[in-house]
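Reviewing the structure listed below.
The values are calculated or read from the model by the stated rules, or taken from the named source; none is laboratory data. All values derive from a computational prediction rather than experimental measurement. Cβ placement follows ideal geometry from the backbone for every residue including glycine, while neighbour counts extend to all protein chains displayed. These accessible areas exclude ligands, DNA and RNA; they are computed on the full protein's heavy atoms, side chains included. Shrake-Rupley method; radii C 1.70, N 1.55, O 1.52, S 1.80 Å.
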Amino acid sequence: DVLDPERLIQCPLVKHHQIRARRFPYHLVKCKESNPEIAKKLATCPFNARHLVPRADLSDHIVKCNDKAFMEQDVVSRFREPPQDQQKNGSTWQAPPCGEDWET
């Protein structure tokens with residue numbers, strides 16, 4: 001959690017696990033390995049791997065997921081980028097005109 005890395009988050013696999021936000025991704029990996037039967041019943045959100053929801057609820061979660069907005073913004077910004085041929089030629093930055101004449 002960018003806002004408060006010390007905030008406690010409840011583990012979606014084992015409800016009595018309380019994990020600090022900064023350690024949450026690491027905990028999920030270990031907890032999935034330790035609890036494979038519970039992990040099989042959960043699905044991972046396509047917008048945020050920290051979101052584990054019951055498989056039956058995944059489509060509802062996708063519709064309501066707050067992180068979907070970030071992905072949609074990323075898709076929109078890609079359409080606003082210059083075409084690929086301009087990117088292949090390198091930077092389009094040009095130095096501003098210089099008023100100095102080193103020859104004089």
Among the helices (runs of 4 or more DSSP H) confined wholly to the stretch 10-103, which include 2 or more residues that are exposed (fewer than 11 other Cβ atoms within 10 Å of the Cβ) and either at pLDDT 95 or above or among the hydroxyl-bearing types (S, T, Y) (or both)?
24-34, 36-40
Can you run down the residue pairs with Cβ atoms below 8 Å, 6 or more apart or on separate chains, where the first is in the stretch 46-75 and free of Cβ contacts under 8 Å to residues at least 60 places away in the same chain and the partner is assigned to a helix (DSSP H, G or I) and open to solvent by 80 Å² or more (accessible area, probe 1.4 Å)?
F47/F70; F47/M71
